[in-house]
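Each remark here refers to the structure printed beneath this line.
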Amino acid sequence: MRKLILALPLVLVACGGGAEGNVVAEGPVEAAPPPAGQNWTTTVARTPEGGVRLGNPNAPLKLVEYGSRTCPTCARFALEGMEPLKANYISTGKVSFEFREFPVHGVVDLAPILLGNCVPDTAFFPVLDQMMANQSAFIAKQSTISEQRAQALQNDPNALAAYIGETMGYVDFIKQRGVPEAKAKACLADKAAIERLTKQTQAATTEFKVNGTPAFLLNGRSIDASAWSQVEAALKAAGA
């Protein structure tokens, strides 16, 4: 599949790498309770940069992950880090978390990205976490993709995403989570979504020098981290 992946107009890098740099500690930050009847760990919003943010929109510490749904290192971060991140940091209002899609594996990433964004915003993070938890099962089916069929579709990224989505089980996965098949197919056929994704990926590589996934930003500055323990250390150093 590598020749096919490289043929797409997406910026490709490597899973397991990341942006480099450090955030200087700025002293302790104060907790910010949510409005009455709300919970920061269920407060979700789309951002102008194309990501999805969880938590206090005015949090003094803004953590951003550029991640891939097919990257094992990203899956490990999700499995190890999301629960303590939500419980110990997002819930306090001190930290917000934003996930930005980064198709590190080209066309193989398109189906899970398009389908993962085919749900209501409130379901975005639960579906993302479940995709990460089931990642190995999806990847195991990649060998069943017909190289000949994929090559025939390589000039039509949406058709190729639909084929890969069916073959690797992403369509069945999203249907089991309440997305009708017709809506899933419409999301896979969304050409504007791929155009936005391409622009966002290019912006990540040029503006933030993202060269692998996961890559993390804290208050707009890259941090040298790929695992939850490293991210948590950066949050604590910044005053969380």
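The values are calculated or read from the model by the stated rules, or taken from the named source; none is laboratory data. All values derive from a computational prediction rather than experimental measurement. Cβ placement follows ideal geometry from the backbone for every residue including glycine, while neighbour counts extend to all protein chains displayed.
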Exercise. Given the conditions (1) under 26 Å from E83 (Cβ atoms); (2) at pLDDT 95 or above, and given that K141 satisfies all but one, which numbered condition is not satisfied?
Worked result: (1)
For this session: Scan region 182-209 residue by residue and report those that are in contact with a Lys or Arg (Cβ under 8 Å, 6 or more places away or on another chain) and within 14 Å of V119 (Cβ to Cβ).
Result: A184
Exercise. Which of the residues belonging to region 160-184 are without any contact (Cβ under 8 Å) to a residue 24 or more places away in the chain and surrounded by 15 or more Cβ atoms within 10 Å (Cβ to Cβ)?
Worked result: Y163, E166
Exercise. Does any residue in region 127-138 that is within 13 Å of D172 (Cα to Cα) come within less than 7 Å, Cβ to Cβ, of a residue that is of a type in the set (S, T, Y) six or more places away or on a different chain, and which pairs are these?
Worked result: F138/Y170
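Okay, residues lined up against (1) more than 21 Å from the chain's Cα centre (by Cα); (2) within 22 Å of M132 (Cβ to Cβ):
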{"residue": "A150", "(1), (2)": "yes, no"}
{"residue": "P157", "(1), (2)": "no, no"}
{"residue": "G178", "(1), (2)": "no, yes"}
{"residue": "G212", "(1), (2)": "no, yes"}
Seminar exercise, completed: Residue hits (region 86-138; in a loop (DSSP other than H, G, I, E, B), of a type in the set (V, I, T) and surrounded by 22 or more Cβ atoms within 10 Å (Cβ to Cβ)) are V104
For this session: Restrict the check to region 172-186 and report whether at least one residue is within 23 Å of E49 (Cβ to Cβ) and touching a helix residue (DSSP H, G or I) at 6+ places or on another chain (Cβ under 9 Å).
Result: no
